[in-house]
């Protein structure tokens, strides 16, 4: 073998090996994120039919039994009345007035920062330790708080009472408490305190500067600055120079201004490590300081107890603003500047507002509706444009300047509670901290559920129904009368038996078309209240009502009042027309409480009962049908009914919610599996396309999602429960009302009133964060080492957290850690959780899990996640509340991408966030090891190939000689086989000829007998002819001559017949020319049938068989090779005679051998069938019968070539030879030949 060939083979081997290694890397198709899937399944829709209709037959009251309704009168204005705060907005009493203003007119004095004494700072630098991490708990509602207010207390898991709050640039919340700060990201609490190197007292403020550092203001006579990127804590300790730090700002020049409460203000130049102070000796009017501020023009504003200082550093002026020159009060809390440039200044008396040009000043105070008992400390404007006004009495107001409305929130009833920090989280909720201790969240997204009882001003806790009447008042039905709330006056009035009600039990209310309110569900009857007239009428059995226990009331389009009774009764009353009708059920299945009546848009009355399902009654024709469990309804216990805008009927039952598509006769059922809070549902209402359902475990809202490619909508489901602010969650039957301001009113558990604002449409998909990576089941933190090294480069020594040990920055950065020990590498980090970029792990560190969360502070319990590890997982995980993935054990080397997405209460999935990493292979699986193995393998292969090539050359020569010798031998054998094959084929032909010999002899014998017989007759006739000639009887002579001529014709015919038989025999025996001829297959088949039969009879005179023929005369001659096709037919017929003869020899009772030959025209094919009633072909040999040399005949009786040759001949003719057989019944061979 040539060297080039060896090199070629070696290169080929290397290429194949590399391809094999590459192919071993498994490629997986990454499934797209299933954004339409939910943690609950979609409901099933099925068809239904109503029951057979019947007709409701009314009975009418006897007119003599109908009496006038007694009337009780009351004076609306004199009803008992008291204020109640439902947490609704109220209008400003008047607009503020503006007064002229000029900065230049303010008293001023020269001012320069350079004139202030500079003090060198002593800064202690400590390595920031790892935080203590624990799962965050939940917020709680307080009885005395305004609806929508949640308290952050020990239930969240904070180490001590919070006093400050800040939202950082990533949206996480930072909470200041005693001796530390806490990062809250909705899932975890990361706590930094003394153990982590942070030494503080009470934290009053947290400020994030332009470089991302956190400044922590406290009461410990020091200031702490945390650099999370460098993992350092800077502690500035200047004795007696720091009081309580309530406010911090970073000025445009990079200096930091800090309030030094009780002393003045400190100005820190952190880069140059200097401190300056601005106190009373330097011109400050008062040492009671709270907040510094810098406006867009660069002016520094400083609050004091005696007014505000305005420092113009460019012009060197110190101006004082107080009551003497425009303020409504001297005590100043905070400053705030809008985007428009307006500057708000808080004071004890309210708010002062400078216009953008600073040439007018105005104020909000008690004249505009603010409570003059409050001191106003803080101001904040949220992303919606609403202003939040913090007081010193635990009250915060929201101000909507566009609508001119205020809304009051009591976050705490404790006195002297200063609302000091106000922030907005990334979902738009408001957080406020109390400087004396306390932290609260005001929900702005989930309707602010409120819970109201007698403590809030209701007459009773047993609220069972609500109703908004046409005049906008809210009626509240209880077991102790009716409360009527007036939103305009924010007062509540009460109706009871003392005002004329039949009963104090008023758990159902209904307003008719005349503005009257019907109160029922009492065993005493119905009270009909007309506020305009100041009357209460009584409708009972005394006045003509059939029963007193009326459960539900509705009015049809004709002004008739329909009522449902406690035992299935149906009543209809028209007071103006004095109509009193009733229906009493007779069937047992109808005797059930008619719990709810509604009228749909087609004037059809729907009745839901507790036991018999639903009745549908045409109010005009009174045709009635039923819908219950027999027709597919999920339950016969129906608590509530409602019609939606699409004219579907919704039913609330003890076993789920059912949507009834009346037009298309479809039922759609919702249960807990489909997302509702509980299966027992007591109230239902449609509002703005949403279905509100009151369950025993909360208010579930069902939203249809219509897509163009689906006939049925998909559904989103969410529940308002305790986590959203409900104190109780079991809703009262049919107690829902939506007022004209989109507020929701309901009774809950018969124990309180619930009021919920309209839920905001939230389409925000919040991001998900991968918070950390668990390696070998331990949480591992990653940092940007390059940044740490850079920021620590100028620091000589560092203190370890909670230790007096000094270390160099190099020893910390380059010292031992788990990542260093295990050779875990990464290029950089990104995001608020320092997610590693370019992470590589050795193959031994392949046991991983992932932690994740989203800064979803509203309805945190509703947040769910899905994740996938690309490279391992085939599908996204199931939806789960868990914030840690499964443990991925023994991950093989390769590249991976972890993806995770989340959704919250709004049911909108966010975009998946990703983290990519690589697990390195062991050294023997690396590319260089593979290359080394390939080189060694190639060298070994080359050596083997080189040795083998020399050996093969030698063996080649020997082989060539052997091949030449064997070739000669094989050629000789092939010639011998060809000769043997020809002889076998000829032998088969002669065998078939032998089968014909006896038959041919029989066939020739008949015409020869005719020839001999007619010859002898002609001889006798000729002798008679001679005699008649001699007699001269010429007429007889002519007759005899005619007979002789006729006999000669017969002799000629039978002679030709014999000649044809002989020619056919010769044609069959000679080799085929392959020349096709137009041939009559009927004649051909008949001829060979008879030849074969007589041939067999000649051999065995005892053999007899029935021959059946059925030839189709419509078959024209077809173009075939007659010799070849004759052999096929003969072979099949001969085989048929053989098998019936063999079966006859077995002497079966009643058996008659039968062979049938038939032809049939089928389309453009001619079919020739040869059938027998023998034993059939065994199944185990059926597939072999057309194989050469295969035969079932005993040795010596067949060659095994007959069927094989026949099969080949038929195929050459473009036809097909098939077989059908039944064991013990017989066999049919079919020849299919094309006719054209």
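Read the figures in this text as sums done on the coordinates, not as results from a lab. It should be emphasised that the depicted structure is a prediction, and the values quoted were computed from it without experimental measurement. Positions of Cβ are backbone-derived with ideal geometry, glycine not excepted, and every protein chain shown enters the neighbour counts.
For the range 96-129, list residues with backbone N below 20 Å from a point placed 7 Å from the Cα of residue 796 toward its Cβ?
Of the residues in the range 96-129, 120-127 have backbone N under 20 Å from the label point off residue 796.
Provide the packing ranking of 288-296, 496-504, i.e. peptides ordered by the mean count of other C-beta atoms within 10 Å per residue, highest first.
288-296, 496-504
For the range 307-376 and the range 1133-1177, compute the distance between their C-alpha centroids and round to whole Å.
So the two Cα centres are separated by 121 Å.
Could you tell me whether the range 84-192 comes out rounded, prolate or oblate from its Cα gyration tensor? Rule is a ≥ b ≥ c as square roots of the eigenvalues, rounded for a/c under 1.5, then prolate if a/b exceeds b/c, otherwise oblate.
Oblate is the answer for the range 84-192, as a/c is 1.5 or above yet b/c matches or exceeds a/b.
Would you mind computing, in nm to one decimal, how far apart the modelled labels at residue 877 and residue 931 are, each placed 7 Å from Cα along Cα→Cβ?
Those two pseudo-labels are separated by 4.0 nm.
What nm distance separates the two modelled labels at residue 787 and residue 1108, each placed 7 Å from Cα along Cα→Cβ?
That separation, rounded to one decimal, is 9.9 nm.
In what sequence do 682, 96 fall when counting other Cβ within 10 Å, fewest first?
96, 682
Would you give the gap between the C-alpha center of the range 489-545 and the C-alpha center of the range 101-139, rounded to a whole Å?
Answer, in whole Å: 65.
Given the peptides 768-779, 443-454, 127-138, arrange them by the average over their residues of other C-beta atoms within 10 Å, most packed first.
443-454, 768-779, 127-138
Can you tell me the orientation of helix 1034-1069 relative to the chain, as the angle in degrees between its alpha-carbon axis and the longest Cα principal axis, to the nearest 10?
50 degrees
Using 0.36 nm times the number of residues separating residue 209 and residue 105, minus their current alpha carbon distance, what extension gain do you get?
34.0 nm
Once the Cβ-Cβ distance between residue 1098 and residue 971 is put in as r, and R0 is 30 Å, what FRET efficiency do you end up with, to the nearest 0.05?
Computed FRET efficiency for residue 1098 and residue 971 comes out at 0.10.
Hey, what angle do you get for helix 3-23 against the long axis of the chain, alpha-carbon based, 0 to 90 degrees rounded to 10?
50 degrees
What is the range 631-756's relative contact order, in percent, from Cα pairs under 8 angstrom and six or more apart in sequence?
Relative contact order for the range 631-756 comes out at 16 percent.
In nm, what is the difference between 0.36 nm times the number of residues separating residue 367 and residue 908 and their Cα-Cα distance?
That works out to 190.3 nm of additional length.
Cα axis of helix 1202-1212 to longest principal axis of the chain: angle in degrees, 0 to 90, nearest 10?
The angle comes out at about 70 degrees.
Determine, for each peptide in 692-703, 316-327, 1019-1030, 415-426, the mean count of other beta carbons within 10 angstrom over its residues, then list the peptides with the highest first.
Answer by packing, highest mean first, reads 692-703, 415-426, 316-327, 1019-1030.
Computed from these coordinates, which is percent of Cα pairs over 52 Å apart: (1) 52; (2) 58; (3) 33?
(2)
Per-residue ellipticity at 222 nm for the chain, helices alone: DSSP H runs ≥ 4 residues times -39500 (n - 2.57), over residue total, nearest 500 deg cm²/dmol?
Result for the chain, helices only: -7000 deg cm²/dmol.
Evaluate the distance, in nm, between pseudo-label points positioned 7 Å from the Cα of residue 30 and of residue 672 along their respective Cα→Cβ axes.
The modelled label-to-label distance comes out at 3.8 nm.
Going by a ≥ b ≥ c, the root eigenvalues of the Cα gyration tensor, does the range 98-450 fall in the rounded group (a/c under 1.5), the prolate group (a/b larger than b/c) or the oblate group?
Taking the square roots of the gyration eigenvalues as a ≥ b ≥ c, the range 98-450 is oblate.
Among rounded, prolate and oblate, which fits the range 769-925 when a ≥ b ≥ c are the square roots of the eigenvalues of its C-alpha gyration tensor, a/c under 1.5 means rounded, and a/b larger than b/c means prolate?
Since a/c reaches 1.5 but b/c is at least a/b, the shape of the range 769-925 is classed as oblate.
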